[in-house]
Amino acid sequence: MIFKAYETQKINIDKNNIILFYGDNQGAKEDEISKLLLKNKDKSLSKYNEKQILDDPEIFYNEVLSKSLFENKKIIIINYATDKFNKIIEEISEKEINDISIIINSSILEKKSKLRTLFEKDKKLICIAFYPDTPEILSKMTYDFIREKNISISRENINLIINKCNGDRGILKNELDKIYFFAQNKKKISTENILKLINLIENYSISELVDNCLAKNHKRTLHILNENNFNNEDCIVITRTFLSKLKKLFKLSKDYQENRDLNKTISNARPPIFWKDKEIVKQQINKLDPAEVTKLIIKINEIELQIKKYNADPINIVSDFILNQSLITN
């Protein structure tokens, strides 16, 4: 059954308890999921991504089909879903599931998609497409924000920010938050300030994700993947972040092989390692020797080529690599 994006307030997740949100407007999807969670804050929450479930379906089936003495109602969010998840949804929708709601968050699904077709045709299931926000919607959101925060900024710079967002309100909110914090002690923000702020290359979530993957912190890596719905463009940033960090790690790892003193290796690093990053860099040096770092650099280059040249599915390729790499013990 098809709903429009503006009809989400009509959804009763106790009645129609399996919902598909799909499309490339990640910010809009996150907004509507947050509203549903707020309306149902008495329910417990679990998050998975598709790969976790496909790797071990029994864990998911047990959570969906078994009742807990301690949890009366539950919401399960599944991120990065593709047509591979179609069969599982078919099986679950045929069963009587009480007190559990499932929200599936997927990227763009073509008309011939099996998952999309299943949700569109089955009256028990709800399917909502989220298309890019129009410039008018983003403009209104921006003006409301700067008025509320009392930020002085020109119309030209507002248009500059909106053009950066590719129709995604999630990106817009992130950029506006950067500008708000920057503007705390400034009367007016210049175009130069805006260009620097909205072109920051390293995304904190991506940096943290890569750091924990290289340190083999699998649970933390999995948590970051589940909490952040990265898009296709993010995958290139992720691979570039991997390469940047691996090149630095290669030198550190070689130095450590020579001096066998971890603290000395960290203190002699050039450029210096920021104090809050020292502990996780130590973990990375302990887990990866220069040979392993070299293999990873080659692998990341292959992944980036695969994404760019062969138009492969970037999200699944990158997330599979990250999850597998964070588990590998050297």
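Look through I280, I297 and report the one residue that is of a type in the set (A, V, I, L, M, F, W, C), within 22 Å of N226 (Cα to Cα) and not assigned by TED's automatic domain parsing to the domain that holds D56.
Numbers: I297 fails: within 22 Å of N226 (Cα to Cα).
After applying the criteria, what remains is I280.
Would you be able to say whether some residue in the stretch 313-323 is in contact (Cβ under 8 Å) with a residue 24 or more places away in the chain and not in a helix (DSSP H, G or I)? Even if it seems obvious, please write down each step before you answer.
Initial filter on the stretch 313-323 (in contact (Cβ under 8 Å) with a residue 24 or more places away in the chain): 313-320, 322-323.
Filter once more, so that each one left must be not in a helix (DSSP H, G or I): 313.
Checked against the condition, which is being in contact (Cβ under 8 Å) with a residue 24 or more places away in the chain and not in a helix (DSSP H, G or I), the stretch 313-323 yields at least one hit.
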Check your understanding: Can you tell me which of L38, L45 is aliphatic (A, V, I, L, M), outside any strand (DSSP E or B) and at pLDDT 90 or above?
Key -> L38
Review point. Would you say I78 is outside any helix (DSSP H, G or I), over 21 Å from the mean Cα position of the chain (by Cα) and over 18 Å from A5 (Cα atoms)?
Key: no
Check your understanding: Do we have E175 as in a helix (DSSP H, G or I) and under 30 Å from L246 (Cα atoms) here?
Key -> yes
Exercise for review: Kindly provide the set of residues from the stretch 135-153 that are among the β-branched types (V, I, T) and either in a helix (DSSP H, G or I) or modelled with pLDDT of 90 or more (or both), ordered by number.
Suggested key: I137, T142, I146
Check your understanding: Among T241, T265, which is without any contact (Cβ under 8 Å) to a residue 40 or more places away in the chain and either under 24 Å from the mean Cα position of the chain (by Cα) or not assigned by TED's automatic domain parsing to the domain that holds L214 (or both)?
Key -> T241
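Return yes when K282 is buried (at least 17 other Cβ atoms within 10 Å of the Cβ), out of contact with any Cys (no Cβ under 9 Å at 6 or more places or on another chain) and either part of a helix (DSSP H, G or I) or among the acidic types (D, E) (or both) and no when it is not.
Details: buried (at least 17 other Cβ atoms within 10 Å of the Cβ): yes; out of contact with any Cys (no Cβ under 9 Å at 6 or more places or on another chain): yes; either part of a helix (DSSP H, G or I) or among the acidic types (D, E) (or both): yes.
Spelling it out, K282 is indeed buried (at least 17 other Cβ atoms within 10 Å of the Cβ), out of contact with any Cys (no Cβ under 9 Å at 6 or more places or on another chain) and either part of a helix (DSSP H, G or I) or among the acidic types (D, E) (or both).
Restricting to the stretch 100-113, and then to whatever is free of Cβ contacts under 8 Å to residues at least 60 places away in the same chain and surrounded by fewer than 17 Cβ atoms within 10 Å (Cβ to Cβ), can you tell me which residue is nearest to N49 (Cα to Cα)? Give the derivation first.
Quick first cut of the stretch 100-113, residues free of Cβ contacts under 8 Å to residues at least 60 places away in the same chain only: 110-113.
Retained after the next criterion (residues that are surrounded by fewer than 17 Cβ atoms within 10 Å (Cβ to Cβ)): 110-112.
Working: E110: 20, K111: 23, K112: 22 Å.
That would be E110.
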Review point. Residues in the stretch 114-144 that are surrounded by 13 or more Cβ atoms within 10 Å (Cβ to Cβ) and touching a residue at least 24 places away in the same chain (Cβ under 8 Å): how many?
Key: 20
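The values are calculated or read from the model by the stated rules, or taken from the named source; none is laboratory data. Quick caveat: nothing in here was measured; it's all calculated off a predicted structure. Quick reminder, even Gly has a Cβ in these numbers, built from the backbone with ideal geometry, and neighbours come from all protein chains shown.
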